[in-house]
1. Evaluate segment A:77-92: report whether one residue or more is modelled with pLDDT of 95 or more, more than 7 Å from every other protein chain (Cβ to nearest Cβ), surrounded by fewer than 17 Cβ atoms within 10 Å (Cβ to Cβ) and over 22 Å from residue B:150 (Cα atoms).
2. Hey, any hits in segment B:34-47 for a residue that's more than 16 Å from DNA strand D (Cβ to nearest atom), hydrophobic (A, V, I, L, M, F, W, C), under 12 Å from the mean Cα position of the chain (by Cα) and more than 30 Å from residue A:12 (Cβ to Cβ)?
3. For segment B:42-82, what are the residues that are within 14 Å of DNA strand C (Cβ to nearest atom) and small (Gly, Ala, Ser)?
4. So which pairs qualify, if the first residue must be in segment A:57-75 and over 16 Å from residue A:97 (Cα atoms), the second must be of a type in the set (S, T, N, Q) and part of a loop (DSSP other than H, G, I, E, B), the Cβ gap must be under 6 Å, and the two must be at least 6 apart or on different chains?
There are 2 protein chains.
Amino acid sequence: MPEMDPNPIGFAKHDHSHCVQDAVAAADRMCRDAGLQLTPVRQRALEILLEEHRALGAYDVLARLSEDGFGSQPPVAYRALDFLTKHGLAHKIERLNAFIACAHPEDRHTPAFLICTSCHAVAEAETDPSHSLMSQIAEATGFRISRAVLEAEGTCPNCLEKEDA
Amino acid sequence: MPEMDPNPIGFAKHDHSHCVQDAVAAADRMCRDAGLQLTPVRQRALEILLEEHRALGAYDVLARLSEDGFGSQPPVAYRALDFLTKHGLAHKIERLNAFIACAHPEDRHTPAFLICTSCHAVAEAETDPSHSLMSQIAEATGFRISRAVLEAEGTCPNCLEKEDA
DNA sequence: TCTTGATATGTTATACTATGACATGTATGA
DNA sequence: TCATACATGTCATAGTATAACATATCAAGA
């Protein structure tokens, strides 16, 4: 049975005030260690995703970058988002054509997302790559996985509760 | 441990000559039973997907439909593809913004796809919804899933073999 | 110092993906 | 006959993403 994070963030109410700066600091450290440049646009893009705490379209991110004095053309956003996703600081939600800051940037993982179609919250659950469903299928078929997309649409606990009321 | 189809089609060489007509006949039967109309455009769209045996973009499908005398505007393709995906005759591969005929139309299943980035083949593996990874995560978090997207990119057995050579 | 190469940011232009809104046709049933 | 539901077609537009090119910066090496 695959491991999973029993407490994915995203649906739980939590103190949001410090998590942005903490995450940026962690990202900064990580980039330094890895010899990567967390440049102003890239850092700002990460902050934007962290502040929202939900999936944002590339053009949403672009609009805010532009407001903050960065370039106003699509490649500005796409390049920053490419950097963040490539290095595990953000993920693309394929189902939504949107991006979200990574909730577990510290460790290598195969992210799985739970997308609430009612309130549009997105929770990231962490799974153990080596035991995941996809790995098992791959093993059975001789396929070598380089990247997995695991996304579920549905209703989150909070919205389920409201429905019942 | 999740069940899985040990022999997903897609990477295995197989006799392709009859599978299109068989699949169309099965789809026709299914639609009749369910009171659905497998109209000419819809049937032709399904045939196009079946003939290719890989993921096709909506505009690829549109081009062929148009060649065959159907409408030439995007909604023609999107509506046919919506019908097919809605009723389990085809699936959308979110990672590719593309569509593929369903390999297991007869039974309710949560499809999982293996996408070869080298030869662009796409294999569909069948998983048991009730035991899948996503269901387990959902259970642990109180999330109610309505639809799951399970897609893996990587290298298929055939292309792995070629690489080694 | 000068130069080369790698990286990063910005631009313009364009390509690819998808849907809204409306007109028409056809079949079913009241 | 009329109303309704559904299907197909159109035009127009919205939303997502990348190619190609100019410029700037910085580090490594001649």
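The values are calculated or read from the model by the stated rules, or taken from the named source; none is laboratory data. Everything numeric in this text was worked out from a predicted model, so none of it was measured. No Cβ is skipped: glycine too gets one built from the backbone with ideal geometry, and neighbour counts run over all protein chains shown.
1. Looking for residues that are modelled with pLDDT of 95 or more, more than 7 Å from every other protein chain (Cβ to nearest Cβ), surrounded by fewer than 17 Cβ atoms within 10 Å (Cβ to Cβ) and over 22 Å from residue B:150 (Cα atoms), one finds at least one in segment A:77-92, hence yes.
2. Of segment B:34-47, the ones more than 16 Å from DNA strand D (Cβ to nearest atom) are none.
The answer is no, given that none of the residues of segment B:34-47 is more than 16 Å from DNA strand D (Cβ to nearest atom), hydrophobic (A, V, I, L, M, F, W, C), under 12 Å from the mean Cα position of the chain (by Cα) and more than 30 Å from residue A:12 (Cβ to Cβ).
3. Scanning segment B:42-82 gives B:45, B:55, B:57, B:58, B:63, B:66, B:71, B:72, B:77, B:80.
4. As it stands, the answer is A:66/A:72, since those pairs meet every condition given.
Residue-by-condition table, conditions (1) buried (at least 21 other Cβ atoms within 10 Å of the Cβ); (2) more than 10 Å from chain B (Cβ to nearest Cβ):
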{"site": "A:119", "(1), (2)": "no, yes"}
{"site": "A:122", "(1), (2)": "yes, yes"}
{"site": "A:134", "(1), (2)": "yes, no"}
{"site": "A:144", "(1), (2)": "no, no"}
{"site": "A:151", "(1), (2)": "yes, no"}
{"site": "A:156", "(1), (2)": "yes, no"}
{"site": "A:164", "(1), (2)": "no, yes"}
